[in-house]
Amino acid sequence: MAAATHWSNQLQCRRVDYDGAVCLVLSGELDLASIATLQAQFKAVAQREDDVVVDMGGLRYIDSSGAKVLLDAQRLLARSRRRIVMANVQPMARRIIDVMGIEKAIPIFSTVEAALEDLQKNKEP
C-alpha cells in the first residue's frame, strides 16, 4: 500500500532570489502560531536592497494575524523605497485579503512572473 501524501499545517517558507527581487514561496498555514517564521524571513530580506514577491500558491490558510504580518512588511520595506507584491493568491486567502483591504497596500498578481515584470518595470532609476 502506498503512503498517503501528508499535508503539513505548519508554515513552510522557501526563499528564491531573482535579480532585484526576492520571492518568498509560502505553503501550509499562516496564522498566529506560524507568523514568527514569516517575520524572520522579512527581517532577513529587509537587510537587502531587493523588492519582495510573496508567492501564496501553496498557502492553504491565512488568518488576520498572518495578513497583518504582510502589512507590517509592506511598511518596513516602504521606508527604504522597496515594494512588496503578492502572487498566486488562492481563493481562501483572497477572501481574507479582500475583507482586510490589503490589496490597497500590496498589489496582487496572478503569477510570480507577472509580479517580477511589474517590479522591474516600475523600478525607480
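The values are calculated or read from the model by the stated rules, or taken from the named source; none is laboratory data. Since we're looking at a predicted model, the values are computed, not measured. No Cβ is skipped: glycine too gets one built from the backbone with ideal geometry, and neighbour counts run over all protein chains shown. These accessible areas exclude ligands, DNA and RNA; they are computed on the full protein's heavy atoms, side chains included. Shrake-Rupley method; radii C 1.70, N 1.55, O 1.52, S 1.80 Å.
Picking from R94, R75, which residue would you name as being open to solvent by 70 Å² or more (accessible area, probe 1.4 Å), part of a helix (DSSP H, G or I) and within 16 Å of S110 (Cα to Cα)? First the steps, then the outcome.
Details: R75 fails: within 16 Å of S110 (Cα to Cα).
Exactly one residue qualifies, and that residue is R94.
Among the numbered conditions (1) surrounded by 13 or more Cβ atoms within 10 Å (Cβ to Cβ); (2) not in a strand (DSSP E or B), the only one that E117 does not meet is (1). Comparison of V112, V69, V89 shows that the only residue that is touching a residue at least 60 places away in the same chain (Cβ under 8 Å), under 21 Å from G28 (Cβ atoms) and either open to solvent by less than 30 Å² (accessible area, probe 1.4 Å) or of a type in the set (V, I, T) (or both) is V112.
Taken over segment 52-65, the residue count meeting the criterion of being modelled with pLDDT under 95 and either basic (K, R) or buried (at least 20 other Cβ atoms within 10 Å of the Cβ) (or both) is 3.
Are any residues in segment 97-109 within 17 Å of A73 (Cα to Cα) and either open to solvent by less than 50 Å² (accessible area, probe 1.4 Å) or of a type in the set (S, T, Y) (or both), and if so, which ones?
First, pick out the residues of segment 97-109 that are within 17 Å of A73 (Cα to Cα): 97, 100-108.
Those that are within 17 Å of A73 (Cα to Cα) and either open to solvent by less than 50 Å² (accessible area, probe 1.4 Å) or of a type in the set (S, T, Y) (or both): I97, G101, I102, A105, I106, P107, I108.
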